[in-house]
1. Using a Gaussian network model of the chain whose springs link C-alpha atoms within less than 10 Å, name the residue from Cys96, Cys129, Cys181 with the highest mean-square fluctuation.
2. Counting only protein chains, not ligands or nucleic acids, how are Leu13, Leu168 ordered by accessible area (probe 1.4 Å), most first?
3. For Arg206 and Val38 in one chain, what is 0.36 nm times their gap in residues minus the Cα-Cα distance, to one decimal in nm?
4. If the chain between Ala392 and Thr78 were fully stretched, how many nm would it gain, using 0.36 nm times the residue separation less the Cα-Cα distance?
5. Quick check for me: using +1 on Lys/Arg Cβ and -1 on Asp/Glu Cβ, what's the dipole size of the chain about its Cα centre, in debye to the nearest 20?
6. Under a 1.4 Å probe, what is the accessible area of the chain per residue, stated in Å²?
7. Which trypsin sites (Lys or Arg not before Pro) from the range 178-213 combine a DSSP loop assignment with at most 15 other Cβ atoms within 10 Å?
8. How high is the relative contact order of the range 62-216, given as a whole-number percent (alpha carbon pairs under 8 Å, six or more residues apart)?
Amino acid sequence: MPNWFTTRTDEELATAAHRLFVETFAEDEAGAAAPEPVGVWAAPGRVNLIGEHIDYAGGASIPFALEQNTAVAVRPRTDGAIRIASEFDGSVAQACVPLSSVWPRHPADWSGYVAGTIWAAVEADLLQCDGLDIAIVSDVPVGSGLSSSAALECSIAVAAYELDHGHLPDDAARAGLVEACIRAENEVVGASTGGLDQNASLFGQRGKALFLDFATGAVERIPFDIASQDLVLLIADTNAPHTLSDGQYASRRGIIDDVQSAAGCTIRDIPDAVDFAATVAEKSSDSAELYQRRVRHVVEETERTLSAASVLCASDMDTFRQLMRDSHVSLRDLYEVTTPELDSAFNAAGEFGARMTGGGFGGAVIALIAKDDVDATAQAIEEAAAQQGFPAPTFVVARPGEGARRLH
Ligand code: GLA
C-alpha cells in the first residue's frame, strides 16, 4: 500500500508552532515568565510544473505554491539575537545567532536560512530587526525538491516584515523579500540556487499557478483549473535524499554562468547559444560537447516553458503533458540531473504528463493524471521502486495553495 503524506490544516500548524514557542521560550534568561509569540506566519513549499534549471539563465518557470507550509511563531527581541527552535523529525533543534555574526558562509548550517534572510532583508533596507525568538514547525518534506528551504526563508521574511511595518508586504515589497531570501541562500548558506522557489512561495495564490519570467522579472498569476478536466497532480517523493548545497547543482550552474559571463547576457539573449557554448568551452577543462548539451537543455526548456504557458491558458492539457514528458527527458539526457529513482518513477507513471520537479539529484516526480488513476499510478510507482530495491516513495495530491501569509 502506498504511503501518503499527512498535511496539517493552517489551524493545526499554527497551534503546533505556538506550542513549540511556549515550550521553548517559556522563561526568559532571568527565569521570569516570558510573553507569548506576537503571531504565527507561514509560507508554502512549491512544485514546479515546467521550466527546470533555467531560472538562473533568463528562462521561465510555471510553479505553484503547495498546501504544505512552514509555520513560524515569532516574538521580537531587543538584543540583536536570533534564537531559533525548530521541530524536525520528532526532535527539536535549537540555535542562537547574533545578527552581528551573520556574513557570507556564516552560519552555513540550517540556521543560516533563518538568520541569513533577516540579515539580507536588513542590509537591503527592507526592514529593521533587533532580534527575534522563533519557533518553527513544517509540513514541507525536506530534501524532496519541494523547496523546504524557500518555505523557511519566506515565512521568516514575512514575519520580520510585518513585525517591523505593522502590515504584510505588498507585491512590490514581496519582490524585495524574494531577493533577500535568494541572497541568504546563495551567500550565507552557500547554495547557488536561482529565484524560482522564493517567487513561488511569496507570490503563490490559492487555485493559481504562476508564470515567472526571469528575463523580465514578471510574475503572473495564471489559472490552473485541472479539476474541471478531471485531472490531478500527483507528487511522488522518491525518498532518495537530495541536497543542493553539494557540488552537483553548482557544477550545472557553473557552466551556464561561464557561458553567460562570456556573452555578457543570459542564455535567452545569446543568438545560437549552443554553438557559442562550444567556443566558451575551449577555455575550460570540460569538453565542448558537454557545454553544448547543458546549454541545449536551457534553450529548449525555455522554449518548452513558453509554449507550456500558452497551452495552459488554452486548457490544452494533452500538449502540456507532452511538454512535461519532454522536459524530463531533457533533464535526464542533456542536463543529467535525474537519478535512477526519479527515472523509475517517471517510467512507472507512464511518462506522458510526468517529470521530475525541482533541482533533481533525488527528490520528487510529478504526474498530471486522470483523477481516477491516482491509486493505480501510485501503486505502479511504488512497485517499480520495490522491484529495484529503491526506498518506498511517499505520495500527495498537490493543489495550488496560498503564498506567504499570517496565520494567527
Ligand atoms: C532548485 C533551485 C531553483 C531552481 C531549481 C531547478 O529548486 O532552488 O532555483 O534552479 O532547483 O529548476
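1. Cys96
2. Result, largest first: Leu168, Leu13.
3. Extra length available between Arg206 and Val38 comes to 57.9 nm.
4. 108.4 nm
5. Working: 28 positive and 60 negative charges, 39 e Å.
Dipole magnitude for the chain comes out near 180 debye.
6. Values: 15790 Å² over 408 residues.
Accessible area per residue, the chain: 39 Å².
7. Arg206
8. Dividing the mean separation by the residue count of the range 62-216 yields 33 percent.
The values are calculated or read from the model by the stated rules, or taken from the named source; none is laboratory data. Remember, it's a predicted structure, so these values are computed and weren't measured experimentally. Don't worry about glycine lacking a Cβ; one is built from the backbone with ideal geometry, like all the others, and counts go over all protein chains shown. Accessible surface is based on the protein model in full, side chains and every heavy atom, while ligands, DNA and RNA are left aside. Shrake-Rupley method; radii C 1.70, N 1.55, O 1.52, S 1.80 Å.
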